[in-house]
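Novice: Please see the structure below; I have some questions.
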Amino acid sequence: MTDQTPPMPGPTSHSFFSQRLRLHYVDWGNSDAPPLLLLHGGRDHCRNWDWVASALRKDWHIIAPDLRGHGDSEWASDGNYPMAAYVADLAQLIHQQKLAPVTIVAHSLGGNIALRYTGLYPENVRKLVAIEGLGPSPKMQAEREAIPYDQRMREWIDMRRALAARIPRRYPTLEDAYRRMHEENKHLRPDQARHLTVHGANQNEDGSYSWKFDPYVRSNFPDGGMAGENLERLWGRIACPTLLVYGNESWASNPEKDGRMAHFNTARVVAFDRAGHWVHHDRTEDFISEINAFL
């Protein structure tokens, strides 16, 4: 006899307000279970977590927000996306939905946000997984700071001016957008790339497709967020068990090798072979197994 149990429904969409913006999140149900937040990276969207959420939803109450300027969340009217605003949005979501103490799994920009939030509110986070979320390596940061401030500021203004004149790229068909998505990460399976494209693009009035994220999210001024000793102090304030995940084929610098682990008290690093920056896509089953054991 075959199993006639219907598949579990997908997530439901919701909104909350933070700093006058309407921000979107999806909720995978199971509200009586412990809360688990999934935070995506830059130029991404909340549905990039669907494979992880599907595997964990029976044991967790999973919420995955779209960051401001991403997915189905509103864009900042002035095109500015400072790190402090992202952290405040996360604080508002956790406060409004009464999620603390919460467990967080976050990628890249989302990991950077989660690490800062956890350093600010260590009592609010039960466990934390950050996939390549520490930001630029000490080497990259030193190279950036070696450029005179006035030069960096002028280059940033030039970039903003160029963005103002730029028309968001339009793809004639969803298939064209899908091919671009697959080019961005060769590790993606075709079904993954197609899923990320379907949920990450909007159809324009002329029938073409454009990515949902605000092009201005690319133009944050490098010194607009906390760095240096202040950021390291936040890392040192993190009190919960923390897992820092890296892909051995990624551009990101492993903190065990560049010295940043010295600023953490409760963290360990796990690195995955055959994985780039998107470890949760490149090694999905192994990643889920690893964080299941950790959580």
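Novice: Would you kindly derive the ³J(HN,Hα) couplings of segment 117-131 from the backbone phi angles with the Karplus curve 6.51 cos²θ - 1.76 cosθ + 1.60 (θ = phi - 60°), listing them in order in whole Hz, with x for Gly and Pro?
Specialist: Those phi angles translate into 4, 5, x, 6, 10, x, 6, 9, 10, 7, 8, 9, 10, 10, 8 Hz.
Novice: Kindly rank 270-280, 101-111 from highest to lowest mean number of other beta carbons found within 10 Å of each residue.
Specialist: Descending mean neighbour count gives 101-111, 270-280.
Novice: So for segment 12-294, taking the charge dipole from beta-carbon charges (+1 Lys/Arg, -1 Asp/Glu), which of L196, M261, V52 sits furthest toward the positive end?
Specialist: Working it through, the farthest residue towards the positive pole turns out to be M261.
Novice: Ok, one more. With θ set to phi - 60°, apply the Karplus curve 6.51 cos²θ - 1.76 cosθ + 1.60 along segment 141-153 and write out the HN-Hα couplings as whole Hz, x wherever there is a Gly or Pro.
Specialist: Those phi angles translate into 5, 5, 5, 5, 6, 6, 7, x, 4, 4, 5, 5, 5 Hz.
Novice: While we're on this one: Residues with amide H under 5 Å of V269's amide H, sequence separation 5 or more or different chain, H placed in the peptide plane at 1.01 Å from N; which?
Specialist: Amide H neighbours of V269, under 5 Å, 5+ apart: L244.
Novice: Another question about this same structure. In a GNM of the chain with a 10 Å cut-off on Cα contacts, which of N202, N230, N112 has the highest mean-square fluctuation?
Specialist: N230
Novice: Going by the alpha-carbon gyration tensor, a ≥ b ≥ c the square roots of its eigenvalues, is the chain rounded (a/c under 1.5) or, if a/c is not under 1.5, prolate (a/b greater than b/c) versus oblate? The partial results should precede the final answer.
Specialist: Values: a/c = 1.41, a/b = 1.07, b/c = 1.31.
The shape class here is rounded.
Novice: I would also like to ask the following. If you plug each phi of segment 67-78 into the Karplus form 6.51 cos²θ - 1.76 cosθ + 1.60 with θ = phi - 60°, what whole-Hz ³J(HN,Hα) values come out, in order, with x for Gly and Pro?
Specialist: 4, 3, x, 10, x, 9, 8, 5, 8, 5, 4, 9
Novice: Here's a follow-up. Let me check against my output: what whole-number percent is the relative contact order of segment 1-74, with C-alpha pairs under 8 Å and at least 6 apart?
Specialist: Relative CO of segment 1-74 lands at 35 percent.
Novice: Between M140 and V270, what's the calculated FRET efficiency when r is the beta-carbon distance and R0 is 25 Å? Round to 0.05. If you can, show how the numbers build up before the last one.
Specialist: On the way: r = 22 Å, r/R0 = 0.89.
Once rounded, the FRET efficiency stands at 0.65.
Novice: Whose amide H sits under 5 Å from the amide H of H61, counting only residues 5 or more places off or on another chain, with H placed in the peptide plane?
Specialist: Amide H neighbours of H61, under 5 Å, 5+ apart: A33, L36.
Novice: Here is a follow-up. If you take the square roots of the eigenvalues of the alpha-carbon gyration tensor of segment 98-211 and sort them as a ≥ b ≥ c, do you get rounded (a/c under 1.5), prolate (a/b over b/c) or oblate?
Specialist: oblate
Novice: Further question: Give the calculated FRET efficiency between D158 and A227 to the nearest 0.05, with a Förster radius of 22 Å applied to their Cβ-Cβ distance.
Specialist: 0.50
Novice: Enumerate lysine pairs in segment 12-294 that are 8 or more residues apart or on different chains, then count those whose Cα atoms are under 24 Å apart.
Specialist: Working: K58/K98; K58/K127; K98/K127; K127/K257; K139/K257; K186/K212.
Summing the qualifying lysine pairs gives 6.
Novice: If you take the beta carbon distance between A262 and R170 as r and set R0 to 51 Å, what does 1/(1 + (r/R0)^6) give as a FRET efficiency, to the nearest 0.05?
Specialist: About 0.65, to the nearest 0.05.
Quick note: the coordinates plus some simple rules give every number you see, no bench work behind them. This structure is a prediction, so every number in the text was calculated from the model and none was measured. Reconstructed Cβ throughout: ideal geometry from the backbone, glycine too, with neighbour counts over all protein chains shown.
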